[in-house]
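The values are calculated or read from the model by the stated rules, or taken from the named source; none is laboratory data. Just so we're clear, the structure is a prediction, and the values are computed from it rather than from any experiment. Cβ placement follows ideal geometry from the backbone for every residue including glycine, while neighbour counts extend to all protein chains displayed.
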Amino acid sequence: MNRFLVLTTSVFGLLAVQGFGARADDALEQLAKDPKQWVMQQGDDANTRFSKLSQINAANVKKLQVAWTFSTGVLRGHEGGPLVVGDTMYVHTPFPNTVYALDLNNDGKIIWKYEPRQDPNVIPIMCCDTVNRGVAYADGKIFLHQADTTLVALDAKTGAKVWSVMDGEAGKGQSGTDAPFVYKDKVLVGVSGGEFGVRGWVSAYNIKDGKLVWRGFSEGPDSDTLIDPVKTTSLGKPVGPDSSTSTWQGDQWKIGGGATWGWYSYDPQLNLVYYGSGNPSTWNPVQRPGDNRWSMSIWARDLDTGAVKWIYQMTPHDEWDFDGVNEMILTDQTIGGTPRKLLTHFDRNGFGYTLDRATGELLVAEKFDPVVNWATKVDMDKSSKTYGRPLVVDAYSTQHNGEDSNSKGICPAALGTKDEQPAAYSPDTQLFYVPTNHVCMDYEPYKVAYTAGQAYVGAAVAMYPPKGDTNMGNFIAWDGKTGKIVWSNKEQFSAWGGALATAGGVVFYGTLEGYLKAVDAKTGKELYKFKTPSGIIGNVMTYEHGGKQYVAVLSGVGGWAGIGLAAGLLQPENAAAWHGAVDQGKLPPKEKTVDTAGLGAVGGYAGLAAYTSLGGTLTVFALPSE
Amino acid sequence: MNVGRWKLVFVILASVLAGGTACADGSGDPAVASSDNGKYADKNGNPTYKISADGTVDWYTFSGFRRYHSDCHVCHGPNGEGSSYAPALANSLKTLSYVDFNDVVTNGRKNVDAANDKVMPSFASNVNVMCYLDDIYVYLRARANDAIPGGRPPKHEDKPEAAKEAETSCTGIK
């Protein structure tokens with residue numbers, strides 16, 4: 001009881017300080033340092049998803065039990081996770097984007113509930129389910145980024161609306177799925193809609209009143225991208241004038257994609273914000289000649305002005321929908337005896353990148369799934385003309401093979417070796433823990449026309465597990481300094497839940513069947529699993545309350561995983577069916593075996609629907625009281 | 001021509017029997033009754049698929065496979081098998097007629113209440129869909145009748161000149 005009183009007092013003290021106009025960021029920074037709370041979606045500004053709590057550890061995690069649960073009342077895919085600020089937990093839902101404040105002192109009793117009124121016509125413009133990746137906290141407010149792109153600030157104590165602003169236009173295919181991110185006195189939001197020809201941007205609003213401070217686009221003239229021809233560098237060199245528009249044909253950049261819906265990070269010393277931009281629109285590469293900058297890029301922007309310090313395009317002229325939006329994880333590690341400020345990023349394209357986050361220098365780019373085949377490697381030779389570019393294999397180049405040609409066996413699939421599900425980093429092991437997809441595809445691009453507010457895709461895609469494998473996911477440990485897999489656990493389905501690493505030597509993540517799993521951080525050995533009510537695409541978090549450490553995760557299957565896997569990726573059976581049932585044995589034997597040779601047991605591909613069903617539930621775990 | 005008449009009766013009987021059992025969907029019997037430049041229609045004039053014994057599908061079924069897997073599958077799942085938030089159209093077309101199909105795609109549909117938030121948008125202004133309505137329909141019709149399995153049809157008839165001309169004039173893309 002004493003501990004509780006002290007904690008409560010200290011939190012209220014901080015809130016009071018904020019109320020008197022002190023810099024909100026200082027208060028938030030202080031709160032983030034307290035491992036008993038989880039005040040931002042990723043745990044810290046650096047995106048490490050690491051907690052210093054160690055009450056639950058590798059030795060006792062096997063005793064974990066469910067402490068309490070909470071139904072969100074919404075059926076669709078639940079990404080992101082809850083926050084804990086003081087004695088209150090904040091839980092969000094997919095559309096309609098309800099927010100609950102739960103009283104941790106009173107068995108999760110609902111303190112307030114906020115449910116915005118939104119036009120349901122936004123639902124079908126959300127390409128991959130009506131997901132929302134969570135709320136942010138700062139300055140006594142809860143920030144919610146709604147599906148219709150409204151950014152709203154709520155009073156954290158009452159749920160009353162303090163201010164709101166509409167960031168985009170749903171009628172043009174623009175939607176909100178990413179969490180807001182608060183750094184210092186600004187709250188940042190990105191936009192979704194790469195499949196609707198949306199030109200991506202990032203907006204920074206003042207947390208006090210919702211006034212727009214700056215907005216930087218992914219494509220367009222330098223005045224729109226906030227790129228300086230001289231001061232902005234890419235791989236150590238100034239980018240030059242019109243670095244975006246010069247890489248597009250005509251004014252295609254106006255519908256050029258480059259959505260910005262991932263997990264942002266921030267380095268307070270450098271005052272730089274990091275995030276990735278998504279695929280160029282359309283998915284048909286032949287229709288948009290050029291490098292299509294600055295889609296598919298890692299961005300470093302000055303927090304105060306939005307000015308771009310450096311930028312690196314990972315996948316110039318995308319031909320596979322390898323969105324570059326995945327999280328940028330900031331760590332300080334020593335490479336070759338030199339301490340470095342690093343940024344590590346696991347891209348959809350299957351390469352794990354490590355860069356110097358101050359300069360944008362490319363240090364490591366290696367495949368984090370051995371089956372990645374669309375490029376042999378990233379050219380690391382600084383004197384080469386193709387320095388920093390992936391060396392694309394013609395057979396898997398949908399540009400090379402052209403429109404109306406089906407390029408087969410491309411690994412990874414469009415959903416990437418990893419999608420938005422965020423990785424974790426433990427400073428104790430100096431390893432990254434990465435939930436991954438292990439899926440390949442056929443991709444056939446063709447011409448499409450653009451209509452505002454309508455899908456603008458232009459490719460037919462079929463996805464299936466790599467030949468010879470029955471697992472469609474892996475959970476891996478990765479050394480970002482060398483670009484090597486340290487250990488790898490197979491998962492039957494894509495590992496689509498965000499990871500959590502703790503000082504207890506345990507790493508947690510959720511699976512599509514609905515398991516919360518705990519593994520040993522050093523070896524990957526499974527220590528505990530529990531099947532929650534639905535498949536997990538949310539991110540695991542932890543907090544301490546009343547002297548007890550809790551681990552919490554939202555389950556609720558859906559998202560792109562829900563569409564890609566719910567019906568089963570039945571390529572092997574399909575191939576067998578085509579060659580068996582339909583042709584009635586008339587094809588020559590060689591052709592007959594072409595697509596099925598080397599594939600695993602048919603039973604291994606049974607659909608996810610056989611394992612789980614819809615429904616949003618929060619499950620909170622703890623060790624039993626002795 | 002008594003023999004010929006008997007043959008005709010037999011064919012009608014056979015197709016009625018087939019239509020009354022496994023091979024009927026929201027538009028009736030999908031059996032091919034006529035063709036026009038590689039585009040097939042059932043006895044009611046509704047578009048339908050043609051699958052040859054060697055697995056070759058007609059152009060429109062193949063085209064529908066592609067269009068479906070570009071503009072529809074992101075919600076309705078691969079092969080028309082549904083997702084966690086949109087119905088399996090391979091099932092829906094067992095009861096949905098050609099006319100109703102066109103109506104829903106063109107005008108959209110809403111099913112929003114406490115338990116559901118399903119919204120089908122209107123595709124009326126999307127030429128990538130509207131110019132291929134029949135293609136998508138016959139592909140899903142073939143799926144609804146289990147005439148083809150999931151996945152990409154390995155062989156298809158050549159693209160008819162009529163399809164090329166219709167595409168150019170409808171989409172405005174050359």
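Some notes on this structure:
- Residue check, B:S35 more than 16 Å from B:P149 (Cα to Cα), surrounded by fewer than 18 Cβ atoms within 10 Å (Cβ to Cβ) and within 12 Å of the chain's Cα centre (by Cα): no
- From the options A:V230, A:V198, residue that is under 19 Å from A:I298 (Cα atoms), part of a loop (DSSP other than H, G, I, E, B) and either free of Cβ contacts under 8 Å to residues at least 60 places away in the same chain or within 14 Å of chain B (Cβ to nearest Cβ) (or both): A:V230
- If you go through segment B:82-97 and keep only what is assigned to a loop (DSSP other than H, G, I, E, B), touching a residue at least 40 places away in the same chain (Cβ under 8 Å) and crowded, with 21+ Cβ neighbours inside 10 Å, you end up with B:L93, B:L96.
- Matching residues, segment B:123-143, being surrounded by fewer than 24 Cβ atoms within 10 Å (Cβ to Cβ) and touching a strand residue (DSSP E or B) at 6+ places or on another chain (Cβ under 7 Å): B:D134
- Residue check, A:A455 buried (at least 24 other Cβ atoms within 10 Å of the Cβ), within 14 Å of chain B (Cβ to nearest Cβ) and more than 23 Å from A:P422 (Cα to Cα): yes
- Residue match in segment A:296-309 (condition: modelled with pLDDT of 95 or more, part of a loop (DSSP other than H, G, I, E, B) and under 23 Å from A:C440 (Cβ atoms)): yes
- Filter result for the condition that a residue is surrounded by fewer than 23 Cβ atoms within 10 Å (Cβ to Cβ), part of a loop (DSSP other than H, G, I, E, B), at pLDDT 95 or above and among the basic types (K, R), over A:K208, A:K254: A:K208
- Enumeration of residues in segment A:524-554 that are within 11 Å of A:G510 (Cα to Cα) and not in a strand (DSSP E or B): A:T532, A:S534, A:G535, A:I536, A:I537, A:G538, A:V540
- Test: residue in segment A:462-472 that is surrounded by 24 or more Cβ atoms within 10 Å (Cβ to Cβ), of a type outside the set (S, T, Y), assigned to a strand (DSSP E or B) and within 14 Å of chain B (Cβ to nearest Cβ): yes
- Hits in segment A:381-420 - residues which are over 30 Å from A:G190 (Cβ atoms), acidic (D, E) and more than 14 Å from every other protein chain (Cβ to nearest Cβ): A:D381, A:D394
- In segment B:111-153, the residues that are at the interface with chain A (Cβ under 9 Å from one of its Cβ atoms) and among the basic types (K, R): B:K118, B:R152
- Residue count for segment A:364-387, restricted to those that are in contact with an Asp or Glu (Cβ under 7 Å, 6 or more places away or on another chain) and either without any contact (Cβ under 8 Å) to a residue 12 or more places away in the chain or farther than 23 Å from A:P412 by Cα (or both): 1
- Matching residues in segment A:289-313 - criterion: being in contact with a strand residue (DSSP E or B) (Cβ under 8 Å, 6 or more places away or on another chain), surrounded by fewer than 24 Cβ atoms within 10 Å (Cβ to Cβ) and more than 23 Å from A:I329 (Cα to Cα): A:D291
- Selection within segment A:366-396 - of a type in the set (D, E), in a loop (DSSP other than H, G, I, E, B) and in contact with a Phe, Trp or Tyr (Cβ under 9 Å, 6 or more places away or on another chain): A:D379, A:D381
- Applying the criterion of being in contact with a helix residue (DSSP H, G or I) (Cβ under 9 Å, 6 or more places away or on another chain) and among the β-branched types (V, I, T) to the residues of segment A:452-492, the residue that is modelled with the highest pLDDT is A:V457.
- Qualifying residues in segment A:422-452 (those that are within 12 Å of another protein chain (Cβ to nearest Cβ) and part of a strand (DSSP E or B)) - the one nearest to A:T344 (Cα to Cα): A:M441
- Selection within segment B:66-110 - within 30 Å of A:I537 (Cβ to Cβ), more than 7 Å from chain A (Cβ to nearest Cβ) and of a type in the set (V, I, T): B:V104, B:V105
- Taken over segment B:51-65, the residue count meeting the criterion of being at the interface with another protein chain (Cβ under 9 Å from one of its Cβ atoms) and within 22 Å of B:S122 (Cβ to Cβ) is 0.
- Criterion: surrounded by fewer than 24 Cβ atoms within 10 Å (Cβ to Cβ), in contact with a helix residue (DSSP H, G or I) (Cβ under 8 Å, 6 or more places away or on another chain) and more than 25 Å from A:P238 (Cα to Cα) - qualifying residue of A:V286, A:V372: A:V286
- Lone qualifier among B:D113, B:D100 - being over 26 Å from A:W283 (Cα atoms), at pLDDT below 90, surrounded by fewer than 19 Cβ atoms within 10 Å (Cβ to Cβ) and not polar (S, T, N, Q): B:D113
- Any hit, segment B:139-146, residues being modelled with pLDDT under 90 and either aliphatic (A, V, I, L, M) or outside any helix (DSSP H, G or I) (or both): no
- Some residue of segment A:152-161 being under 30 Å from A:D321 (Cβ atoms) and away from every other protein chain (no Cβ under 14 Å): no
- Test: residue in segment A:560-579 that is at pLDDT below 90, within 14 Å of chain B (Cβ to nearest Cβ) and touching a Cys at 6+ places or on another chain (Cβ under 6 Å): yes
- Residues being within 30 Å of A:G498 (Cβ to Cβ), among the acidic types (D, E) and in contact with a helix residue (DSSP H, G or I) (Cβ under 6 Å, 6 or more places away or on another chain) - total across segment A:398-421: 0
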